[in-house]
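K.L.:
Input: one structure, supplied below.
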């Protein structure tokens, strides 16, 4: 089952702008875009006009156009720490059948990204204000992640540092909101997907 099929089964297809990205080139992990590239570039260049209008076509949820069976492998390679953090959360909530492991992860990811979109819409901030706010939240956690990436996996203290990083990352308001939404709706979507797959 492809991610676009999971979105369709979830009933969320019309509730957010979804973009399915060809994954045959360089892999782009799932993400939410809250600002257009043109607005971001204008802001960074200091040329953002107060009344500037940017088309919303680039905003929304970007997912790789792949099968659920491919997704976990790709996400794990792109973002090992987050992927395993999500699987720990999922494992605490849903009994995982090994043959449906990938489908469950894909369902969680779809719901998680939609949770990010909901958080953005409910904050009632402009795209730029939201992205500035996000960057303020992310800066200390990303610095911590950069340090973790430099520590060899064989270092005995790394596991504890990774756990501390995951806790800090998941405590940020935008992650807390996205995880809460995904975990609340995961079991229902997973059961729908299992029925559809039969």
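K.L.:
Note down all Cβ pairs under 8 Å where the first residue falls in segment 76-89 and is touching a residue at least 24 places away in the same chain (Cβ under 8 Å) and on the phi > 0 side of the Ramachandran plot, the second is loosely packed, with under 15 Cβ neighbours inside 10 Å and in a helix (DSSP H, G or I), and they're at least six residues apart or on different chains.
P.N.:
Nothing qualifies.
K.L.:
Just to verify a result, which residue in segment 37-51, among those that are in contact with a helix residue (DSSP H, G or I) (Cβ under 9 Å, 6 or more places away or on another chain) and farther than 27 Å from residue 77 by Cα, is surrounded by the most Cβ atoms within 10 Å (Cβ to Cβ)? Can you show your working first?
P.N.:
So in segment 37-51, the residues in contact with a helix residue (DSSP H, G or I) (Cβ under 9 Å, 6 or more places away or on another chain) come out as 37-40, 43, 47-49.
Remaining after also requiring farther than 27 Å from residue 77 by Cα: 38-40, 43, 47-49.
Details: 38: 13, 39: 20, 40: 18, 43: 16, 47: 9, 48: 15, 49: 7.
So, considering only residues that are in contact with a helix residue (DSSP H, G or I) (Cβ under 9 Å, 6 or more places away or on another chain) and farther than 27 Å from residue 77 by Cα, the one surrounded by the most Cβ atoms within 10 Å (Cβ to Cβ) is 39.
K.L.:
Please verify whether segment 144-163 includes one or more residues that are under 30 Å from residue 54 (Cβ atoms) and within 20 Å of the chain's Cα centre (by Cα). Lay out the reasoning, then the answer.
P.N.:
Initial filter on segment 144-163 (under 30 Å from residue 54 (Cβ atoms)): 145.
When the remaining residues are screened for being within 20 Å of the chain's Cα centre (by Cα), the result is 145.
Looking through segment 144-163, at least one residue is under 30 Å from residue 54 (Cβ atoms) and within 20 Å of the chain's Cα centre (by Cα).
K.L.:
Looking at this structure, is residue 131 surrounded by 13 or more Cβ atoms within 10 Å (Cβ to Cβ), in contact (Cβ under 8 Å) with a residue 40 or more places away in the chain and either more than 27 Å from residue 158 (Cβ to Cβ) or in contact with a helix residue (DSSP H, G or I) (Cβ under 7 Å, 6 or more places away or on another chain) (or both)? Can you show your working first?
P.N.:
Working: surrounded by 13 or more Cβ atoms within 10 Å (Cβ to Cβ): yes; in contact (Cβ under 8 Å) with a residue 40 or more places away in the chain: yes; either more than 27 Å from residue 158 (Cβ to Cβ) or in contact with a helix residue (DSSP H, G or I) (Cβ under 7 Å, 6 or more places away or on another chain) (or both): yes.
Spelling it out, residue 131 is indeed surrounded by 13 or more Cβ atoms within 10 Å (Cβ to Cβ), in contact (Cβ under 8 Å) with a residue 40 or more places away in the chain and either more than 27 Å from residue 158 (Cβ to Cβ) or in contact with a helix residue (DSSP H, G or I) (Cβ under 7 Å, 6 or more places away or on another chain) (or both).
K.L.:
Restricting the search to segment 7-50, which residues are outside any loop (DSSP other than H, G, I, E, B) and more than 22 Å from residue 82 (Cβ to Cβ)?
P.N.:
8, 9, 37, 38, 39, 40, 41, 42, 43, 44, 45
K.L.:
Pick from 27, 54: which is out of contact with any strand residue (DSSP E or B) (no Cβ under 7 Å at 6 or more places or on another chain) and either surrounded by fewer than 17 Cβ atoms within 10 Å (Cβ to Cβ) or farther than 22 Å from residue 102 by Cβ (or both)?
P.N.:
Working: 27 fails: out of contact with any strand residue (DSSP E or B) (no Cβ under 7 Å at 6 or more places or on another chain).
The unique qualifying residue is 54.
K.L.:
Also: Please specify each residue of segment 90-112 satisfying the condition of being within 13 Å of the chain's Cα centre (by Cα) and in contact (Cβ under 8 Å) with a residue 40 or more places away in the chain. So that I can check it myself, show each step before the final result.
P.N.:
So the first thing to find is which residues in segment 90-112 are within 13 Å of the chain's Cα centre (by Cα), and the list is 105-112.
Across segment 90-112, the qualifying residues are 106, 107, 108, 109, 110, 111, 112.
Throughout, read-outs are computed from the coordinates displayed, never taken from laboratory work. Every value quoted in this text rests on a predicted model; they were computed, and no experiment measured them. Positions of Cβ are generated from backbone atoms using ideal geometry, with glycine treated the same way; all protein chains shown enter the neighbour counts.
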